[in-house]
Amino acid sequence: MQLKRRCKCGCGKQVTRPGNKWIYGHNTKRAGKSCNWYKHGWRYHKLYTVWINMKSRCYNVNSTHYENYGGRGIKVFIRWRHSPKAFCSWAMSHGWKEGLEIDRKNNDGNYHPDNCRFVTRSVNQKNTRPYQNNTSGYLGVHFNKKNKKYIAKLYIKGKSIYLGSFNTAEEAAQAIKEYKNA
């Protein structure tokens, strides 16, 4: 009697193969030959890379970005996590074009159809959370100890934009909000 092993590819496909060897992971050439994960048809599409990177940020503890995504509890919508076809189909019908990036409207929310959109890099960079050492609680606002004022400053396309100094963090945050809405 020949041994059989049930394996699951990274794309979600389950196969039974003869022998006692595992089918290697989703990102190896052998996986493509042994379990036909190319069948979903998205392997060479630019959205496939978006899908791979999104999953890596959330589930690969060795990813340089894991700390800011998976380490904070951010997850990928289950249908997207197991199917590049489901993610890519959703993206194509929700505004993806070459040159756009995936963005989560709520930075503390998961990658989910209700929380994701496709935007330009500059819009994506504006939608970030404050740095951990930010004591004001507002993005782009920091306290200047020398003049005892809150400074409102933005960085857009590599350029620093000084919006002024204010008595309260709320005033500085309001200046940033008005600048962004103008």
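The values are calculated or read from the model by the stated rules, or taken from the named source; none is laboratory data. Here the structure is a predicted model, which is why all the values come from computation and not from measurement. Every residue, glycine among them, receives a Cβ derived from its backbone with ideal geometry; neighbour counts consider all protein chains shown.
Considering (1) touching a strand residue (DSSP E or B) at 6+ places or on another chain (Cβ under 8 Å); (2) aromatic (Phe, Trp, Tyr); (3) at pLDDT 80 or above, the lone condition that TYR69 does not fulfil carries the number (1). Any idea which residue in the stretch 74-85 is surrounded by the fewest Cβ atoms within 10 Å (Cβ to Cβ), counting only those that are modelled with pLDDT under 90 and touching a helix residue (DSSP H, G or I) at 6+ places or on another chain (Cβ under 6 Å)? Only one residue tops the list, namely LYS85. Considered as a group, the residues in the stretch 55-110 that are touching a residue at least 40 places away in the same chain (Cβ under 8 Å) and part of a helix (DSSP H, G or I) include one that is farthest from ARG121 (Cα to Cα), and that residue is LYS85.
For every residue, the table says whether it meets (1) in a helix (DSSP H, G or I); (2) touching a helix residue (DSSP H, G or I) at 6+ places or on another chain (Cβ under 9 Å); (3) at pLDDT below 55; (4) among the charged types (D, E, K, R).
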{"residue": "GLY32", "(1), (2), (3), (4)": "yes, yes, yes, no"}
{"residue": "TYR38", "(1), (2), (3), (4)": "yes, yes, yes, no"}
{"residue": "ARG43", "(1), (2), (3), (4)": "no, yes, no, yes"}
{"residue": "LEU47", "(1), (2), (3), (4)": "yes, yes, no, no"}
{"residue": "ILE52", "(1), (2), (3), (4)": "yes, yes, no, no"}
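For residues that are of a type in the set (D, E, K, R) and over 12 Å from the mean Cα position of the chain (by Cα), scanning just the stretch 111-129, find the one that is modelled with the highest pLDDT. Applying the filter and picking the extreme gives ASP114. For VAL61, the stated conditions do not hold, so it cannot be described as modelled with pLDDT of 75 or more and crowded, with 17+ Cβ neighbours inside 10 Å.
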